[in-house]
Amino acid sequence: MYVAFAGGVGGAKLAHGLSRILSPEKLLIAVNTGDDFDHLGFRICPDLDTVMYTLAGIANPETGWGIRDETWTFMDGLERDGGETWFRLGDKDLETHKARRSLLRNGRSLSEATAELSAKHGISYRIVPASDDPVRTHVDTNDEGTLPFQDYFVQLRCTPEVVGFSFDGAEEAAPAPALAVAFDAPELATVILCPSNPYVSIGPMLAIPEIRKWLENRTRPCVAVTPIVGGKAIKGPAAKMMHELGLEPSAATVAEFYRGLVDGFVLDRTDAAIEDDIRQIVPHVLVTDTVMKTDDDRARLAGEVVRFAECLAP
């Protein structure tokens with residue numbers, strides 16, 4: 001069995017690639033919930049939904065998130081009524097939020113609600129939140145103070161200068177039940193950190209003490225795939241965050257973030273010149289094409305990552 005930690009568009013793409021080459025019983029996808037928030041009476045889970053829509057084949061191909069061929073009747077009406085429209089909820093997407101709200105109100109855990117929603121979309125793979133307990137990312141900024149993640153990311157379009165992050169609730173959170181079981185499963189083969197923003201997609205999951213402790217003490221290989229290629233983030237503000245934190249926007253900075261947690265690192269060919277630098281941080285490096293433009297790219301990269309990890313097994 002393989003456990004993939006994912007968040008954002010890049011994480012969803014590799015998770016989809018893994019689903020192309022692994023059977024459902026061999027893959028568990030643990031997803032960041034630090035982006036989650038309550039809005040207009042709904043529990044919004046952006047990363048869970050992005051992974052779910054991507055595996056279902058209905059994600060918007062232009063944005064990577066949301067649903068393709070979306071309509072906006074609800075938002076248009078909300079705007080006419082003077083309501084909050086800074087966080088856009090399409091009509092199809094809204095059906096997911098309505099269903100999740102109903103499930104949560106009826107006593108389902110977030111894991112149980114996610115399983116039911118995934119099944120409705122025809123997904124046989126296990127997608128679970130990293131934790132059923134609330135973990136909320138806050139972004140510390142120079143000019144706007146401390147902001148809830150979606151205020152920073154969507155409402156302010158990542159413009160404030162970042163100085164740090166905090167993860168409310170992480171210290172008290174426990175891994176989701178399916179994830180906790182996977183930690184001790186004898187059939188666990190390897191762990192994959194997908195190409196997600198290390199600070200706000202993977203970071204909130206690492207802030208949960210049991211998850212980090214397990215990664216530090218695991219006996220199976222763990223590999224990470226870089227989200228930074230040629231000094232730029234494929235998607236999102238990771239490179240901007242690095243620069244504002246006084247760090248070089250590079251794959252080496254990502255590798256340093258994962259020091260002590262991973263055995264292998266997947267580097268893009270564009271950055272092959274820094275392979276030796278990476279090896280000073282992570283002992284094993286795979287250099288390949290990490291940019292996933294097509295579904296076939298996702299499956300190819302997933303296959304390479306799995307084979308790389310298998311070579312690291314004791």
By my count, strands (runs of 3 or more DSSP E) wholly in the range 94-212 with at least 3 residues that are touching a His at 6+ places or on another chain (Cβ under 8 Å) and farther than 30 Å from G303 by Cα are 145-148, 162-168
- Examine the range 210-222 for a residue that is at pLDDT 95 or above, in contact with a strand residue (DSSP E or B) (Cβ under 9 Å, 6 or more places away or on another chain) and within 20 Å of V9 (Cβ to Cβ), and state whether such a residue exists. no
Going by the conditions given, is V254 closer than 30 Å to G57 by Cα and free of Cβ contacts under 8 Å to residues at least 60 places away in the same chain? yes
Note: among I234, I228, I278, just one is within 30 Å of E161 (Cα to Cα), crowded, with 18+ Cβ neighbours inside 10 Å and at pLDDT below 95, namely I234
Query raised in the report: Is it the case that F165 is in contact with a Lys or Arg (Cβ under 8 Å, 6 or more places away or on another chain), among the aromatic types (F, W, Y), closer than 18 Å to G7 by Cβ and modelled with pLDDT of 95 or more?
Result: no
The correct count of residues that are more than 18 Å from A178 (Cα to Cα) and either hydrophobic (A, V, I, L, M, F, W, C) or touching a Gly at 6+ places or on another chain (Cβ under 6 Å) (or both) in the range 208-223 is 2
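Can you report the number of residues in the range 124-141 which are open to solvent by 20 Å² or more (accessible area, probe 1.4 Å) and not aromatic (F, W, Y)?
Residues meeting the conditions: 8.
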Out of (1) of a type in the set (A, V, I, L, M); (2) surrounded by 15 or more Cβ atoms within 10 Å (Cβ to Cβ); (3) at pLDDT 95 or above, the one A119 does not meet is (2)
Expected single match for open to solvent by 60 Å² or more (accessible area, probe 1.4 Å), farther than 18 Å from V282 by Cα and in contact with a Phe, Trp or Tyr (Cβ under 9 Å, 6 or more places away or on another chain) among E187, E161, E210 is E210
Original post:
Is there a residue in the range 24-44 that is modelled with pLDDT under 95, closer than 30 Å to A309 by Cα and in contact with a helix residue (DSSP H, G or I) (Cβ under 6 Å, 6 or more places away or on another chain)?
Top reply: no
Taking the range 43-93 and the residues there that are among the charged types (D, E, K, R) and part of a loop (DSSP other than H, G, I, E, B), the one that is least open to solvent (accessible area, probe 1.4 Å) would be E70
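When you check D268 against the structure, is it charged (D, E, K, R) and open to solvent by 40 Å² or more (accessible area, probe 1.4 Å), yes or no? Walk me through how you get there before you give the answer.
Numbers: charged (D, E, K, R): yes; open to solvent by 40 Å² or more (accessible area, probe 1.4 Å): no.
When the stated conditions are applied, D268 does not pass them.
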Exercise. Does any residue of the range 258-265 turn out to be under 19 Å from A15 (Cβ atoms), part of a strand (DSSP E or B) and modelled with pLDDT of 95 or more?
Worked result: yes
Picking from A239, A255, A302, the residue that is open to solvent by 10 Å² or more (accessible area, probe 1.4 Å), in a helix (DSSP H, G or I) and hydrophobic (A, V, I, L, M, F, W, C) would be A239
When I202 is run through (1) more than 26 Å from P61 (Cα to Cα); (2) touching a helix residue (DSSP H, G or I) at 6+ places or on another chain (Cβ under 9 Å); (3) surrounded by 21 or more Cβ atoms within 10 Å (Cβ to Cβ), the failure sits at (1)
Only one of (1) closer than 24 Å to I192 by Cβ; (2) out of contact with any strand residue (DSSP E or B) (no Cβ under 9 Å at 6 or more places or on another chain); (3) modelled with pLDDT under 95 does not apply to T85, and that is (1)
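The values are calculated or read from the model by the stated rules, or taken from the named source; none is laboratory data. Worth saying up front: this structure is predicted, and the values here are computed from it rather than measured. Cβ: placed from backbone, ideal geometry, glycine included. Neighbour counts: every protein chain shown. Note: accessible area is taken over every heavy atom of the protein model, side chains too, but ligands, DNA and RNA are not part of it. Shrake-Rupley method; radii C 1.70, N 1.55, O 1.52, S 1.80 Å.
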